[in-house]
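J.: Take a look at the following structure, please.
The values are calculated or read from the model by the stated rules, or taken from the named source; none is laboratory data. None of the values given here were measured: they were computed from a predicted structure. Here the Cβ positions follow ideal geometry from the backbone for every residue, glycine too, while neighbour counts run over all protein chains shown.
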Amino acid sequence: MEGLPDWGPLLEFAPEEIRDFMWMYRVHFEDGTVVEGYKHYYSRGYLHLAADGRAFGWVGESLYEEVDPTALLAEVLDGQEPRANIVRHNDWVEGDRIAWARSATRHRIARHSTLFVIQHSGICFERGVGSRGEPRLFFFGEDDRERPLEVVAFEDLVGDLLVVHSMRLRNRFKDDYWEARKWRR
């Protein structure tokens, strides 16, 4: 419907950022391209996204030019860190690319429960780096017994995971947990 928001292009491009944007309007280009305009709540910058993944910058007088979507997002976020990294191509799902540190079971959460959280995560949050510069990833979700868990792992250069922490969800991660629930598979 013409007057209703279409969140599809933003969901496809940056789903973790969606709660920080407002849908503002739709633009129809002469070539038939339909572009959705989203405004960031804090920076007030705009993302203009088409359903095919292209992004556009406004250059004035109803003129737009195609731009790099990632660069446009960085500009709109105005130096803020992106909220999360989406597990779009989750190579860890089968578990054969996952290693386990001894600390991973310190809180008496079985490996199969931790694996269940990772396998069903549609999102993971990248927060900081390890001693060798590898990304630290946080996964949140319910295990196979419906217990809310927090899981921390490091991703190495070839994309394998080393799980270092798994325990029942602590209060300080509740907001992340609720955000992650939206993306659960």
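J.: Which of the residues spanning the stretch 1-38 are outside any loop (DSSP other than H, G, I, E, B), farther than 24 Å from Glu126 by Cα and of a type in the set (D, E, K, R)?
T.: Listed by number, the residues that qualify are Arg26, Glu36.
J.: Moving on to the next point. Scan the stretch 128-166 residue by residue and report those that are within 16 Å of Trp178 (Cα to Cα), touching a residue at least 24 places away in the same chain (Cβ under 8 Å) and not small (Gly, Ala, Ser).
T.: Phe138, Phe139, Phe140, Glu142, Asp143, Arg147, Pro148, Leu149, Glu150, Val151
J.: Okay, next question. Quick one: in the stretch 81-114, of everything that is under 24 Å from the mean Cα position of the chain (by Cα), modelled with pLDDT of 75 or more and aliphatic (A, V, I, L, M), which residue is surrounded by the fewest Cβ atoms within 10 Å (Cβ to Cβ)?
T.: Selected residue: Ala99.
J.: Residues in the stretch 116-126: is at least one more than 12 Å from Arg168 (Cα to Cα) and of a type in the set (Gly, Ala, Ser)?
T.: The initial filter retains those residues of the stretch 116-126 that are more than 12 Å from Arg168 (Cα to Cα), namely 116, 118-126.
With of a type in the set (Gly, Ala, Ser) added as a condition, the list becomes 121-122.
Yes, there is a match, as at least one residue in the stretch 116-126 is more than 12 Å from Arg168 (Cα to Cα) and of a type in the set (Gly, Ala, Ser).
J.: Could you check the stretch 49-71 and list, in sequence order, the residues that are farther than 22 Å from Ile123 by Cα and of a type outside the set (Asp, Glu)?
T.: Once the filter is applied, which keeps residues that are farther than 22 Å from Ile123 by Cα and of a type outside the set (Asp, Glu), the stretch 49-71 yields Ala50, Arg54, Ala55, Phe56, Gly57, Trp58, Val59, Gly60, Ser62, Leu63, Tyr64, Val67.
For (1) surrounded by fewer than 20 Cβ atoms within 10 Å (Cβ to Cβ); (2) among the basic types (Lys, Arg); (3) not in a strand (DSSP E or B), each residue gets a yes or a no:
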{"residue": "Ile118", "(1), (2), (3)": "no, no, yes"}
{"residue": "Ser121", "(1), (2), (3)": "no, no, yes"}
{"residue": "Cys124", "(1), (2), (3)": "no, no, no"}
{"residue": "Leu137", "(1), (2), (3)": "no, no, no"}
{"residue": "Val151", "(1), (2), (3)": "no, no, no"}
{"residue": "Gly159", "(1), (2), (3)": "yes, no, yes"}
{"residue": "Met167", "(1), (2), (3)": "yes, no, no"}
{"residue": "Lys174", "(1), (2), (3)": "yes, yes, yes"}
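J.: Let me ask another. Taking the stretch 126-135 only, how many residues are in a loop (DSSP other than H, G, I, E, B) and touching a strand residue (DSSP E or B) at 6+ places or on another chain (Cβ under 6 Å)?
T.: Number satisfying all stated conditions: 2.
J.: Of all residues in the stretch 39-66, count the ones that are in a strand (DSSP E or B) and surrounded by fewer than 16 Cβ atoms within 10 Å (Cβ to Cβ).
T.: Initial filter on the stretch 39-66 (in a strand (DSSP E or B)): 39-40, 46-50, 55-60, 63-66.
When the remaining residues are screened for being surrounded by fewer than 16 Cβ atoms within 10 Å (Cβ to Cβ), the result is 58-60, 63, 65-66.
The qualifying residues number 6.
J.: Of the residues Asp20, Asp78, only one is surrounded by 13 or more Cβ atoms within 10 Å (Cβ to Cβ), under 27 Å from Gly128 (Cβ atoms) and not basic (Lys, Arg); which?
T.: On inspection, the qualifying residue turns out to be Asp20.
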